[in-house]
Amino acid sequence: MLMQGKKGLIVGLANDKSIAYGIAQALHAHGAKMAFTYLNDSLKKRVEPIALKFDNSPVYKLDVSDETDMEAIADLVARDFGEIDFLVHSVAFAPKEALSEGFMKTSQAAFQVAMDISVYSFIDLTNRLEGVLAPKASIITLSYLGGAKYIPHYNVMGVAKAALEASVRYMAVELGETKGQRVNAISAGPIKTLAASGIGDFKQILNWNEANAPLRKNVTIEEVGNSALYLLSDLASGVSGEVHYVDAGYNIMAMPAVEKNDEGKTVFVWENRG
């Protein structure tokens, strides 16, 4: 039981298809106590039944763009847990037009929204929880390969994820040297979640990743959850400032994968599978 006696907050759970849900499953299986947040009343109806399954976990309203919610979160956590040993940040957003149009068409307003919700909220939330985050607490956020490389249709979210990953490194140094706290990111492969639904041609991205990843598959929320369990547990006590890829190895590929066709010729896997 890697997380026995540990308590934490998971921010950004949307439903049981969310990566955050996969993380919660893994943590719960290893004894963690958790609290969850929901964005609005519509999502509250989805999150509360999930929290009930996880030992009737506390649930808090938290819109990271709402100052009232952000001011209240530390007191709510302190009320229920005293202090927490881990924080999971699973929050990202960009206006629809910033994903449907070309990157160069991104408006200043859309750019600022994407950065505020997807990046600054991670820094701000960690600061707000300073008084309840235990010494040697582990903090993780969720990224994607689009922050390091070009991904079609990802647009301003790619820039936001790049900024998020840079923030992980700077936060890791400051929190590590002063409090012994660890900060890491998980860069998960494409998974069919509510957040992914806003990305154009997402099915093609899924198919391409499956065809070209070294493991020839897409990852699941359970696999991401297991990696989060490692990073949040004492097993990763020497790991901080890292972007940990959980994408079946796709991030290492510089060219499409190849294989032999029925005639014995070397062809791209994507071509061979039609």
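Nothing in this text is a laboratory measurement; each read-out follows from the coordinates by a stated rule. Bear in mind the structure is a predicted one, so any value in this text is a computation, not a measurement. No Cβ is skipped: glycine too gets one built from the backbone with ideal geometry, and neighbour counts run over all protein chains shown.
³J(HN,Hα) across region 173-180 via Karplus (A = 6.51, B = -1.76, C = 1.60, θ = phi - 60°), whole Hz, x for Gly/Pro?
Going residue by residue, I get 5, 5, 6, x, 6, 9, 10, x Hz, with x marking Gly and Pro.
Enumerate the lysines that Lys96 could reach by cross-link, defined here as Cα to Cα under 25 Å, with residues fewer than 8 away along the same chain left out.
Straight-distance partners of Lys96: Lys17, Lys44, Lys45, Lys61, Lys105, Lys149, Lys161, Lys192, Lys203.
Fewest first, what order do Arg79, Arg46 take by the number of other Cβ atoms within 10 Å?
The order, fewest Cβ neighbours first, is Arg79, Arg46.
Per residue of region 212-228, what does 6.51 cos²θ - 1.76 cosθ + 1.60 with θ = phi - 60° give for ³J(HN,Hα)? Whole Hz please, x for Gly and Pro, Karplus curve as stated.
For region 212-228, the Karplus-derived couplings read 10, 5, x, 8, 6, 7, 9, 8, 10, 5, 5, 5, 5, x, 5, 5, 5 Hz, x marking Gly and Pro.
Can you pull the Rg over Rh of the chain, Cα-only, Kirkwood?
Ratio of gyration radius to Kirkwood radius: 0.99.
Would you list which aspartates and glutamates come within 17 Å of Lys53, measuring only between C-alpha atoms, while excluding same-chain residues fewer than 8 positions from it?
The qualifying aspartates and glutamates are Asp16, Glu222.
Show me the GluC sites (Glu not before Pro) within region 212-265 that DSSP assigns to loop and that have at most 16 other Cβ atoms within 10 Å of their Cβ.
Glu263
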